[in-house]
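Engineer: Below you will find the structure I want to go over with you.
Every read-out reported here was derived from the displayed coordinates using simple, explicitly stated rules and does not represent laboratory data. The structure presented is a predicted model; accordingly, all values stated were derived computationally and were not measured. Methodologically, a virtual Cβ is constructed for each residue, glycine included, from the backbone with ideal geometry; neighbour enumeration extends over all protein chains shown.
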Amino acid sequence: MKDQLQFYIDGQWVDPAVPRALDVINPSTEEPVARISLGSAADVDKAVAAARRAFETYSQTTREERLALLAKVLEVYQKRYGDVVAAISQEMGAPLWLSKAAQAAMGVAHLATAIEVLKNFPFEQVHGTTAIVHEPVGVVGMITPWNWPINQIMCKVAPALAAGCTMILKPSEVAPLNALLLAEVMHEAGVPPGVFNLVNGDGPGVGEAMAVHPGIDMMTFTGSTRAGIAVAKAAADSVKRVAQELGGKSANIVLEDADLDRAVRQGVQAVLMNSGQSCNAPTRMFVPRAKHAQAMAAAKAVAEGTKVADALAEGMHMGPVVSELQFNKIQGLIQKGIDEGATLVAGGTGRPDGLAKGYFVKPTVFADVRNDMTIAREEIFGPVLVMIPYDTEEDAIRMANDTPYGLSGYVQSGSLEHARRVANRLRTGMVHLNGAGPDPAAPFGGYKQSGNGREWGEHGFRDFLEVKAVMGAAPKQG
């Protein structure tokens, strides 16, 4: 077990103000793999002071200087890629294949996207005699979750660096090792002292101290809706900007003209990827009532054919969920689905056969679900799909929108035009048509209680900028 008890503040590794250690648990084995320190308001004060000093100079760097810095960060990150893959698999349970192909890969994607956006972004535009200027927002507090850790860190850090901001990162204390590796990457890449700071900790000890801190100009938060509300309330007294990417209960509408078996197969696989721990997972599948039995059979085959194993095992499989807390929550919701009368098609409570230890959940499918059942309303955040039959397309759209969330939506159809018509009626920030994957250049975010603001691409970059109007900055024409 490795001790990583220091924080990265002002370009140095420093001890916490008050020692308080926490074990990082490998969810495949339930054994500790490292120890970190939990910080306090005093550590946040130190990091904010460093970030404010650094902002005075870093905010004045040129586009070319920041492009060179981002290119160096990308180069060093790629050199440490294998370390990031291993850390993510150990600390949060993503199988090695997924950590390599997607989890760690998103770090590269967001850095590359930030570089492309920065190359051509119009920081100043003249309208008549007025210059419209975009400037960095200032010191940014970042709170990130454990489920796609480096993805959700880098989609904040990369555009903030590109925009000229300085930052304090509080990664999830459940999966902090990849973030500590990123601090090493930043240091080796020559990011100036104070531009990037990392303080480990929990929500009450560090997250709240960041949200209320008057020296932080913006909070960007990814996590549960409940925690996002707490951050926004804490930030309100200092009127700082708050960007939130929160929960989801995304609908996957399989239309009458879709290839049903293919659509169901892809839909189940999308839910089971990352053990269901994705805020945008298509966890509510709407299927025509007349085809419900066929859809159940297709979903059952995928779920029961999915191998579950240690995250460090080779090959394609599903790993554990992240923690005992998550395991117990998911077990309770699966039992709730059974108690409320949904048809259990595959999976159920308990660990998969042959796995006596580790936070492993059976790939689970419920059918004959009503949209008012608990398992159709609450974000389970585990490998659990609910299948809801519908009678008409209008019913499917109405039920898809009948949720407090609005992060993502999915539509399957034999006609792209038909799919787009349905997509236009979904009250969500994103829609995937016919199995289309994510786009790092497209805005990521949701409607309603799924948050506000957008991440990824140019929209994510703009969230880290203030807009200034300078009147009389240009001569009158004619």
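Engineer: When all alpha-carbon pairs of the stretch 390-439 are counted, what percent fall beyond 16 Å?
Structural biologist: 37
Engineer: Could you work out how far helix 177-189 tilts from the main Cα principal axis of the chain, as a 0 to 90 degree angle to the nearest 10?
Structural biologist: 30
Engineer: Using a Förster distance of 51 Å, how high is the FRET efficiency between residue 470 and residue 304, based on the Cβ-Cβ distance and rounded to 0.05?
Structural biologist: 0.20
Engineer: Something else about it: Subtracting the Cα-Cα distance from 0.36 nm times the residue separation, let me have the gained length for residue 256 to residue 226 in nm, one decimal. Intermediate results must be reported in sequence, preceding the final value.
Structural biologist: Working: separation 30, 0.36 × 30 = 10.80 nm, distance 3.64 nm.
Length difference between fully extended and current span is 7.2 nm.
Engineer: Compute the relative contact order of the stretch 110-231 as a whole-number percentage, counting only Cα pairs closer than 8 Å that sit 6 or more residues apart in sequence.
Structural biologist: Once normalised by length, the contact order is 29 percent.
Engineer: At a 10 angstrom cut-off on C-beta neighbours, averaged per residue, how do the peptides 239-247, 23-31 rank from highest to lowest?
Structural biologist: On the way: 239-247: 21.6, 23-31: 19.2.
Going from most to least packed, we get 239-247, 23-31.
Engineer: Just the Cα atoms of the stretch 328-370: what Rg and Dmax do they give in Å?
Structural biologist: Radius of gyration, then largest Cα-Cα span, for the stretch 328-370: 10.7, 34 Å.
Engineer: What is the Cα centroid distance between the stretch 102-140 and the stretch 1-56, reported in whole angstrom?
Structural biologist: 29
Engineer: Next up: Looking at this model, which pairs from 72/307; 170/362; 79/362; 291/336; 156/362 are more than 28 angstrom apart at the alpha-carbon?
Structural biologist: Beyond 28 Å between Cα atoms: 72/307; 170/362; 79/362; 156/362.
Engineer: May I have the pair-distance distribution P(r) for the stretch 251-440, computed from all Cα-Cα distances with 10 Å bins from 0 and rounded to whole percent?
Structural biologist: Result returned by the calculation: 10, 40, 36, 13, 1.
Engineer: Now for a separate question. Taking R0 as 41 Å, what FRET efficiency do you get between residue 416 and residue 56 from their Cβ-Cβ distance, rounded to the nearest 0.05?
Structural biologist: After rounding to 0.05, the efficiency reads 0.20.
Engineer: Of 213, 459, how do they rank once you tally other Cβ atoms within 10 Å and put the fewest first? Kindly include the intermediate steps, with their values, before the conclusion.
Structural biologist: On the way: 213 22, 459 17.
Fewest to most other Cβ atoms nearby, the residues stand as 459, 213.
Engineer: Antiparallel versus total DSSP beta bridges in the chain: what percent is that, nearest 5?
Structural biologist: 40
Engineer: Right, another one. Return one number: the angle in degrees, 0 to 90 and rounded to the nearest 10, between the long axis of the Cα atoms of helix 324-339 and the longest principal axis of the Cα atoms of the chain.
Structural biologist: Result, in degrees: 30.
Engineer: Counting residues in the stretch 289-392 as N, plug N into 2.2 N^0.38 Å and put the Cα Rg over that result.
Structural biologist: Details: Rg = 14.0 Å, N = 104, 2.2 N^0.38 = 12.8 Å.
Dividing the Cα radius of gyration by 2.2 N^0.38 Å gives 1.09.
Engineer: Follow-up question, since we're still on this one. Based on alpha-carbon centroids, what's the gap between the stretch 170-191 and the stretch 399-425 in Å, whole number please?
Structural biologist: 37
Engineer: Sticking with this structure for a sec: Arrange the peptides 298-305, 56-63 so that the one whose residues have, on average, the most other Cβ atoms within 10 Å appears first.
Structural biologist: The peptides rank, most packed first, as 298-305, 56-63.
Engineer: Taking the Cα-to-Cβ direction at residue 71 and at residue 124 and moving 7 Å from each Cα, how far apart do the two end points lie in nm?
Structural biologist: Modelled inter-label distance: 2.4 nm.
Engineer: For the chain, calculate the relative contact order in percent as a whole number, restricting contacts to Cα pairs under 8 Å that are 6 or more residues apart.
Structural biologist: 19
Engineer: With the crude spin-label approximation of a point 7 Å out along Cα→Cβ, what separation in nm comes out for residue 325 versus residue 15?
Structural biologist: Calculated label separation equals 2.8 nm.
Engineer: Relative to the longest principal axis of the C-alpha atoms of the chain, give the angle of the C-alpha long axis of helix 225-236, reported between 0 and 90° and rounded to the nearest 10°.
Structural biologist: The angle comes out near 20 degrees.
Engineer: Next question, about the same structure. Which residues in the stretch 278-295 have a backbone N closer than 20 Å to a point placed 7 Å from the Cα of residue 401 along the Cα-to-Cβ line?
Structural biologist: Counting only backbone N, you get 283-288.
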